[in-house]
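Read the structure below first, then the notes.
The values are calculated or read from the model by the stated rules, or taken from the named source; none is laboratory data. Just so it is clear, the structure is predicted and the values come from calculations on it, not from any experiment. Cβ atoms come from the backbone with ideal geometry, glycine included; neighbour counts cover every protein chain shown. When the accessible area is computed, the model is the full protein with side chains, heavy atoms only, and any ligands, DNA or RNA have been set aside. Shrake-Rupley method; radii C 1.70, N 1.55, O 1.52, S 1.80 Å.
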Number of protein chains: 2
Amino acid sequence: LKKILRLNAVTGKYSFKDESEEWKYLGGRSLISTILTQEVNPWAEPLGDMNKIIISLGIIGGTMAPCSGRLSIGGKSPLTGGIKEANVGGTAGVRMAALGLKAIIVEGDSITNNNQLKIVHICKDKVEFYPANDLAEKCNYEVVKKLREKFGKKSAVIVVGPAGIRRYSNSTIAVTDIDGIPSRHAARGGLGAVLASKGVKAIVLADEKADESEEYYDFTTFKKVSFEWMTKLAKSKSVLQNYGTANLILPMNELGCLITRNFSSGSFEKANEISGEKLRKNCIERGGKLGHPCHPGCPIRCSTVYMDENGNHLTSALEYETIGCVGSNCGIGNLDTIAKIDRFCDEYGLDTMEFGDTIGVVMESGLIEFGDEEGVLGLLEEIKKDTVLGKVLGQGTGVTGKVLGVRRIPVVKNQSLSAYDPRGLKGTGVTYITSPMGADHTAGNVLPGRAGYSQPSIHPHESNDQYKLSREIQELTTVCDVVGLCFFVGATLETVDYLSQLLKAKFGKEFTRQQIIDLGRNTIKQEREFNRKAGINEAYDKLPEFFYKEKLAQYNLVFDIPKEETDKVFA
Amino acid sequence: LKKILRLNAVTGKYSFKDESEEWKYLGGRSLISTILTQEVNPWAEPLGDMNKIIISLGIIGGTMAPCSGRLSIGGKSPLTGGIKEANVGGTAGVRMAALGLKAIIVEGDSITNNNQLKIVHICKDKVEFYPANDLAEKCNYEVVKKLREKFGKKSAVIVVGPAGIRRYSNSTIAVTDIDGIPSRHAARGGLGAVLASKGVKAIVLADEKADESEEYYDFTTFKKVSFEWMTKLAKSKSVLQNYGTANLILPMNELGCLITRNFSSGSFEKANEISGEKLRKNCIERGGKLGHPCHPGCPIRCSTVYMDENGNHLTSALEYETIGCVGSNCGIGNLDTIAKIDRFCDEYGLDTMEFGDTIGVVMESGLIEFGDEEGVLGLLEEIKKDTVLGKVLGQGTGVTGKVLGVRRIPVVKNQSLSAYDPRGLKGTGVTYITSPMGADHTAGNVLPGRAGYSQPSIHPHESNDQYKLSREIQELTTVCDVVGLCFFVGATLETVDYLSQLLKAKFGKEFTRQQIIDLGRNTIKQEREFNRKAGINEAYDKLPEFFYKEKLAQYNLVFDIPKEETDKVFA
């Protein structure tokens, strides 16, 4: 059995306990929703003492199963007011597994305790707490550098940037990647502020190995199936390896759903300048990296390392979503500028999607113009200095839009949409609407050609049956978040079948297809129930009005899936 | 039958129609909740084209019944996201009645129509629209002066200040008082922004009389009962006539529930400096007015006219709530400063309660100190200039607290508490929690000594049965808002009995006590149903956590009425 570490950085208390038998088949998103349901009052104020942060591996997280180094981080979100699981790669998942940990539960309340901040150093059998108030306003790169110097370069670091310390609702929890850079972020929903409110600036996972090793019912089969699947993934994902997730820019632009100028258009005239092809060209010319794995051993390797014009490291993990939200959505057709903003967000701990959409509404308000790169750099200064405008931006797109008097505010449950316009990618629109997470493409991205477990794929501009397809892809995606695999392995039946073999080999227990799908379905159900009690009911399952009314240029699309249908998704 | 005027200032269309038979027994708050239920999608964005503003007299509004000149203004609130009725005195109610109007329904959408603004001039049989974009940023006193010059001094003016035009969620709709000053405000919930979003800067009610006169079943009795009740009220309200609503400052301070320094104490060391006694002294010495009626013929005359040190008019209607929220709650023990802030709010169209609490959280954040009068004047400048900080303040206490990273934010359903600390006045605390309006003392203020229709009065520090008492006082208060009488006539059985006589005399129809109470009860039910569909369910029926945890000094009180009980109030 793996261990559950429960800690309170303010009091310095902690305990290691074996996970219960029931928790063996919970992990990641389902362990988070179970713990929150059992331990956190749904009315709890997100930054109050009743909320908790849960960091959890999936059911087979950190094993040799492909892409199993992902980590789920959850709590009640200060952005949405509902349940939140944010999924992150990097090295922390693998280190947690090595330490024999299934989950870390962070409790406590720093705010009524002099806002004290700690570094939490987690070893295999003890936890150390170091005062860290002096690091409060330090940025992520610097903090990580210091901590790796102090605790060793093979430690993994989970860190809260200044955004979280300042209680911005748009604040991330960053995780170090294989280069020791805090480029991976549990980005959505402001969990950085929650972890900071518990008095934690950073968690360092020691470079140690647990005394007990991972148990398997049939290790040979587990290894064999993992290897087979891994080989298959490594071969089939060459587009991601060559162009990163930015490979989607041109196809999405073509489809008319690349968010542009605060969702006023679905195609961007400078799409070529921010495309995967351009990213690849810059990487090759400047000595960046393509096919970079986000965690050790990942066969998909979708990530990138991006250099500036002089060949110096500028940022790591420059993704489609960042490029869309910060780039086309702001009328910015310059990959170097986007990369600079990405680096800034990595430093301060800001979700680039939320932040890009926030800049979009600032531009819509007229405070700065669309495409005004200097203007955006000015906004970064506001955040640096934590001015009132900086604080407003830090609260995310909903608050910023409201404060600036903007009517077209692209949020669902107060979380900003990612880089797909729901009018041009309607299945993902249904996901935005119905996911307990708020607008979130990672909850179930219905890209062209994707099928569910029973639903065939549907053209993204079609309306019929998109709600059924979104439901199935959300369920399958949640399965990945529960078992602990990156959903890039595929939200597909093939994945379900591989998982059936792996779970059998791991636990000696049969899982039917339906039982595996239910791992996802039941989690969503539990999350929605938590949300309902927290006050987020079906009334919040909708897009902003303009998506139903304003025609998206190029294909003249509105979002026309009726509420009766989206209400059916998880009814 | 009275007329219903429906108008669209953007298109210039309007229609007068007789009210339906069913609407005869609806008025004020119940007519608003009925129209919103029938005509406005609960998901509607408050500033979108689907929302409406309804201005309604009560069932016997604008008659000779005492205090019947009140007006209800309603719509979906941009502050709470729920249904909103804001009640206001002044001369508009009486003029509406004279014009034969029961209600005005304002529709339309200015925002997607070049933000055009109009003056709407309502005569007995026609409506005129005048362009008013040049008046957008003009303050209320100036606009009213111009309109009264143009349309006659006996016209009544309903006006939106710069706050509403700028879409501040804390924006009022002001109404001229008997001196022609826009001192009366439908203050709560940001309805100014909604009316502005319909393209209306002001509505002028012409000094005309409808061709048909008010119908009565038995005019002699109506007159006789009204006169009897009026005489009784005139005699029994001498405290209000001599000290205004500010008479409550010292008793509430004594009771430990005068909000002080962002609800961190329930008594204020400078209470004497802001008391009703001090107000009276200043009024007498400087030539102000006490016993000022808010609308023509009111026998209670609770209002005041306040002069500055040189005897010049500074502000009208300086009320307990303003003095508490802007004064003690901000550590300001200077009535002249409070009066200046009140005047500022009257000019810009800001709810003084919301604004006072907003300043309180600004002070809690440390941006300025408690008691810093110069600092507050600086904040007024920010609003004048509509800076980013000004815009934040304009969004109210909830947004301001969030942006500034404050945890102790005194709001329910995002509306700020008025000047009673719920720990020291627990029945009103129940009202804050359970009213569909958000924290609102006018929804049912359980002051010491007040009884319901079946519940005896309870000491405000006691917890037992306060939920029952709050329910009854909320129902009785809502009855007042439905029939169109100021609730200062008393949320009592005596009022019910007078109403029974008056309704009989007016309509020839018997109303039992229960039927009259049901006028209130059913309205609240309908409002809560609208809210539920709008997404505001029981999860929102709670105070901020600190009221349950932090002991209020002096009497060491927490708010200890369990959620199970407050959930029972309207279950």
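Of all residues in the stretch A:451-498, how many are touching a Gly at 6+ places or on another chain (Cβ under 9 Å) and among the polar types (S, T, N, Q)?
Qualifying residue count for the region: 7.
Can you say whether B:Leu71 is among the aliphatic types (A, V, I, L, M) and open to solvent by 10 Å² or more (accessible area, probe 1.4 Å), as far as the supplied structure shows? Don't jump to the end; show me each part of the working.
Details: among the aliphatic types (A, V, I, L, M): yes; open to solvent by 10 Å² or more (accessible area, probe 1.4 Å): no.
No: the conditions fail for B:Leu71.
Take A:Gly349 and tell me if it is open to solvent by less than 10 Å² (accessible area, probe 1.4 Å), in contact with a strand residue (DSSP E or B) (Cβ under 8 Å, 6 or more places away or on another chain) and more than 14 Å from chain B (Cβ to nearest Cβ).
Details: open to solvent by less than 10 Å² (accessible area, probe 1.4 Å): yes; in contact with a strand residue (DSSP E or B) (Cβ under 8 Å, 6 or more places away or on another chain): yes; more than 14 Å from chain B (Cβ to nearest Cβ): yes.
Yes.
If A:Thr478 passes every condition in (1) crowded, with 18+ Cβ neighbours inside 10 Å; (2) not in a helix (DSSP H, G or I) but one, which one does it miss?
If we test A:Thr478 against (1) crowded, with 18+ Cβ neighbours inside 10 Å; (2) not in a helix (DSSP H, G or I), just (2) comes out false.
Identify, from the list A:Phe487, A:Phe507, the residue that is touching a residue at least 24 places away in the same chain (Cβ under 8 Å), among the aromatic types (Phe, Trp, Tyr) and touching a strand residue (DSSP E or B) at 6+ places or on another chain (Cβ under 9 Å). Steps first, please.
Working: A:Phe507 fails: touching a strand residue (DSSP E or B) at 6+ places or on another chain (Cβ under 9 Å).
Sole residue among the options that is touching a residue at least 24 places away in the same chain (Cβ under 8 Å), among the aromatic types (Phe, Trp, Tyr) and touching a strand residue (DSSP E or B) at 6+ places or on another chain (Cβ under 9 Å): A:Phe487.
Name the residues in the stretch B:27-45 that are away from chain A (no Cβ under 14 Å) and either hydroxyl-bearing (Ser, Thr, Tyr) or surrounded by fewer than 20 Cβ atoms within 10 Å (Cβ to Cβ) (or both), would you? Write out each step before concluding.
Here is the first cut: in the stretch B:27-45, the ones away from chain A (no Cβ under 14 Å) are B:27-39.
Residues satisfying the conditions are B:Ser30, B:Ser33, B:Thr34, B:Thr37, B:Gln38, B:Glu39.
Which residue, of B:Asn41, B:Asn51, is free of Cβ contacts under 8 Å to residues at least 24 places away in the same chain and within 30 Å of B:Gln395 (Cα to Cα)? Quick ask: steps written out before the conclusion?
Numbers: B:Asn51 fails: free of Cβ contacts under 8 Å to residues at least 24 places away in the same chain.
Answer to the check: B:Asn41.
Restrict the check to the stretch A:545-556 and report whether at least one residue is touching a Lys or Arg at 6+ places or on another chain (Cβ under 6 Å), open to solvent by 40 Å² or more (accessible area, probe 1.4 Å) and closer than 24 Å to A:Ser264 by Cα.
Within the stretch A:545-556, not a single residue is touching a Lys or Arg at 6+ places or on another chain (Cβ under 6 Å), open to solvent by 40 Å² or more (accessible area, probe 1.4 Å) and closer than 24 Å to A:Ser264 by Cα.
Sort out which residues of the stretch B:141-169 are touching a strand residue (DSSP E or B) at 6+ places or on another chain (Cβ under 8 Å) and more than 15 Å from B:Lys118 (Cα to Cα), and write them in order of number.
B:Arg148, B:Ser155, B:Ala156
For B:Lys24, only one of the following conditions fails: (1) in a loop (DSSP other than H, G, I, E, B); (2) away from every other protein chain (no Cβ under 14 Å); (3) open to solvent by 10 Å² or more (accessible area, probe 1.4 Å). What is its number?
(1)
I want to confirm something. Restricting to the stretch A:220-239 and keeping residues that are open to solvent by less than 30 Å² (accessible area, probe 1.4 Å) and in contact with a Leu (Cβ under 9 Å, 6 or more places away or on another chain), which single residue is nearest to A:His441 (Cα to Cα)? Steps first, please.
Narrowing the stretch A:220-239 to residues open to solvent by less than 30 Å² (accessible area, probe 1.4 Å): A:222, A:225-226, A:229, A:233.
If we keep only those that are in contact with a Leu (Cβ under 9 Å, 6 or more places away or on another chain) as well, we get A:222, A:225-226, A:229.
Numbers: A:Phe222: 31, A:Val225: 29, A:Ser226: 27, A:Trp229: 25 Å.
My answer is A:Trp229.
For the stretch B:482-520, which positions are part of a helix (DSSP H, G or I), within 28 Å of B:Glu319 (Cα to Cα) and not aromatic (Phe, Trp, Tyr)? I'd like the intermediate steps shown before the answer.
Residues of the stretch B:482-520 that are part of a helix (DSSP H, G or I), as a first pass: B:482-483, B:487-489, B:493-507, B:513-520.
Remaining after also requiring within 28 Å of B:Glu319 (Cα to Cα): B:482-483, B:487-489, B:493-496, B:498-499, B:520.
Listed by number, the residues that qualify are B:Val482, B:Val483, B:Val489, B:Leu493, B:Glu494, B:Thr495, B:Val496, B:Leu499, B:Gly520.
Need at least 2 residues that are closer than 26 Å to B:Asp421 by Cβ and not β-branched (Val, Ile, Thr) per element, so show me which strands (runs of 3 or more DSSP E) inside the stretch B:284-402 make the cut, counting only ones lying wholly within it.
On the way: elements: B:289-292, B:303-307, B:313-316.
Ranges flagged: B:303-307.
For the stretch A:377-434, how many residues meet the condition of being within 12 Å of chain B (Cβ to nearest Cβ), over 17 Å from B:Leu389 (Cβ atoms) and among the charged types (D, E, K, R)?
Qualifying residue count for the region: 3.
Before we move on, is B:Thr566 part of a helix (DSSP H, G or I), away from chain A (no Cβ under 13 Å) and out of contact with any His (no Cβ under 6 Å at 6 or more places or on another chain)? Please lay out each step first, then the result.
Numbers: part of a helix (DSSP H, G or I): yes; away from chain A (no Cβ under 13 Å): no; out of contact with any His (no Cβ under 6 Å at 6 or more places or on another chain): yes.
No, not satisfied.
When the stretch A:493-549 is examined, which residues are found to be in contact with a Pro (Cβ under 6 Å, 6 or more places away or on another chain) and more than 14 Å from chain B (Cβ to nearest Cβ)?
Across the stretch A:493-549, the qualifying residue is only A:Glu527.
Take the conditions modelled with pLDDT of 95 or more, surrounded by 16 or more Cβ atoms within 10 Å (Cβ to Cβ) and assigned to a loop (DSSP other than H, G, I, E, B) and apply them to A:Asn262. Does it pass? Let's see the steps before the verdict.
Numbers: modelled with pLDDT of 95 or more: yes; surrounded by 16 or more Cβ atoms within 10 Å (Cβ to Cβ): yes; assigned to a loop (DSSP other than H, G, I, E, B): yes.
Spelling it out, A:Asn262 is indeed modelled with pLDDT of 95 or more, surrounded by 16 or more Cβ atoms within 10 Å (Cβ to Cβ) and assigned to a loop (DSSP other than H, G, I, E, B).
From the list B:Gly48, B:Gly58, B:Gly62, which residue is within 14 Å of chain A (Cβ to nearest Cβ) and surrounded by 20 or more Cβ atoms within 10 Å (Cβ to Cβ)? Quick ask: steps written out before the conclusion?
Working: B:Gly58 fails: within 14 Å of chain A (Cβ to nearest Cβ); B:Gly62 fails: within 14 Å of chain A (Cβ to nearest Cβ).
After ruling out the rest, the residue left standing is B:Gly48.
Would you pick out the residues in the stretch B:172-197 that are within 16 Å of B:Leu71 (Cβ to Cβ) and either aliphatic (A, V, I, L, M) or in contact with a Phe, Trp or Tyr (Cβ under 8 Å, 6 or more places away or on another chain) (or both)? Steps first, answer last, please.
Taking the stretch B:172-197 and keeping what is within 16 Å of B:Leu71 (Cβ to Cβ), we get B:172-178, B:182-189, B:191-192, B:194-195.
If the condition is that a residue be within 16 Å of B:Leu71 (Cβ to Cβ) and either aliphatic (A, V, I, L, M) or in contact with a Phe, Trp or Tyr (Cβ under 8 Å, 6 or more places away or on another chain) (or both), then B:Ile173, B:Ala174, B:Val175, B:Ile178, B:Pro182, B:Ala186, B:Ala187, B:Leu191, B:Gly192, B:Val194, B:Leu195 are the ones that fit.
Kindly check whether there is at least one residue in the stretch B:77-96 that is among the charged types (D, E, K, R), in contact (Cβ under 8 Å) with a residue 40 or more places away in the chain and within 14 Å of chain A (Cβ to nearest Cβ).
If we filter the stretch B:77-96 for residues that are among the charged types (D, E, K, R), which is where we start, we get B:84-85, B:95.
Subsequent filtering for residues that are in contact (Cβ under 8 Å) with a residue 40 or more places away in the chain retains B:84-85, B:95.
Retained after the next criterion (residues that are within 14 Å of chain A (Cβ to nearest Cβ)): none.
Looking through the stretch B:77-96, none of the residues is among the charged types (D, E, K, R), in contact (Cβ under 8 Å) with a residue 40 or more places away in the chain and within 14 Å of chain A (Cβ to nearest Cβ).
Can you run down the residue pairs with Cβ atoms below 9 Å, 6 or more apart or on separate chains, where the first is in the stretch B:110-127 and within 14 Å of chain A (Cβ to nearest Cβ) and over 20 Å from B:Ala98 (Cα atoms) and the partner is open to solvent by 10 Å² or more (accessible area, probe 1.4 Å) and small (Gly, Ala, Ser)?
Once the first residue is within 14 Å of chain A (Cβ to nearest Cβ) and over 20 Å from B:Ala98 (Cα atoms) and sits in the stretch B:110-127, its partners that are open to solvent by 10 Å² or more (accessible area, probe 1.4 Å) and small (Gly, Ala, Ser) give B:Asn115/B:Ala136.
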